[in-house]
Amino acid sequence: MANELDETDVSLINQEGRDVHVIEKKVAVKKSTSAVVLEVLLWFLGILPGLIFTLILKPRARAYLQQLQQKIQHDASTIDNYQEQRVIILQNAAKLLDRSIELDKSTFTEIARLRSGAPSDEARNELQGKLDVVERNINVAFENYPDLKAHAEIADAMRQNSYLQQEITAAREVYNDAVNRWNAQIFAWPVYCNVAAKAGYTTRIPYTASAEIKARSKEVFF
């Protein structure tokens, strides 16, 4: 019998490759009929099993999901804090560059706009994309004037920006892990899905890279 998956069979290879994307869709939890039947059956079998399910298991599940929501909010706030610091660093770098060269004024306008308020879940990825555009504009100016690389303050600002980007990437991993736990837990049978459906919970969207960043990742840099 042949292997179901044969890595040597070139006829099954997609020469163009396959890209993946995060789907921006929240899935609602529907009340599980089987979970309801189980709860009724437990009450039918006796008061004690019904009380354990209703007064112990369901409150514990509800408390866990509420705590997990707070964890997700905390992880999201960590990303926001690093992004705010990155905005400030890029603003400082832009000011330092402007002392030496005539930097595009739209860069300052964009940075000022990015500092206006904390982003929502939907706007967080958009903010990151805009920060990357600002960074690219600064880097273009930086590369076009090699003498600026000797400027210690500018070089330090760009190093701090690179460090913050690494921290943001790490914070996103923590956030995505919590979101993945949430998305799995709210469908866990029989208690969690019952609690989640009654509360009207939905899945959450993990971090999504912008189309521009995904396109740039395929460029040749060296």
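The values are calculated or read from the model by the stated rules, or taken from the named source; none is laboratory data. Everything numeric in this text was worked out from a predicted model, so none of it was measured. In this analysis, Cβ positions are derived from the backbone assuming ideal geometry, glycine residues included, and neighbour counts consider all displayed protein chains.
Here residue 123 clears all of (1) exposed (fewer than 14 other Cβ atoms within 10 Å of the Cβ); (2) modelled with pLDDT of 95 or more except the condition numbered (2). Scanning the stretch 167-186 for residues that are part of a helix (DSSP H, G or I), closer than 25 Å to residue 32 by Cα and of a type in the set (A, V, I, L, M) gives 178, 179, 184. Pairs meeting the criteria (first residue in the stretch 45-74 and more than 18 Å from residue 195 (Cα to Cα), second residue aliphatic (A, V, I, L, M), beta carbons under 8 Å, at least 6 apart or on different chains) are 71/178; 72/178; 72/179.
Return a yes/no flag: does the stretch 59-70 have any residue that is among the polar types (S, T, N, Q) and under 16 Å from the mean Cα position of the chain (by Cα). Yes, the conditions are met somewhere in the stretch 59-70. Here 16, 39, 24, 7 are screened, and the one residue that is exposed (fewer than 12 other Cβ atoms within 10 Å of the Cβ) and within 23 Å of residue 201 (Cβ to Cβ) is 24. The single residue among 163, 175 that is among the aromatic types (Phe, Trp, Tyr), modelled with pLDDT of 80 or more and crowded, with 17+ Cβ neighbours inside 10 Å turns out to be 175. Residue 204 passes every criterion in (1) among the charged types (D, E, K, R); (2) out of contact with any Phe, Trp or Tyr (no Cβ under 6 Å at 6 or more places or on another chain); (3) outside any helix (DSSP H, G or I) apart from (2). For the stretch 198-213, residues that are more than 30 Å from residue 135 (Cβ to Cβ) and either β-branched (Val, Ile, Thr) or at pLDDT 95 or above (or both) total 5. Exactly one residue out of 56, 72 is farther than 30 Å from residue 173 by Cα, modelled with pLDDT of 90 or more, part of a helix (DSSP H, G or I) and not polar (S, T, N, Q), and it is 56.
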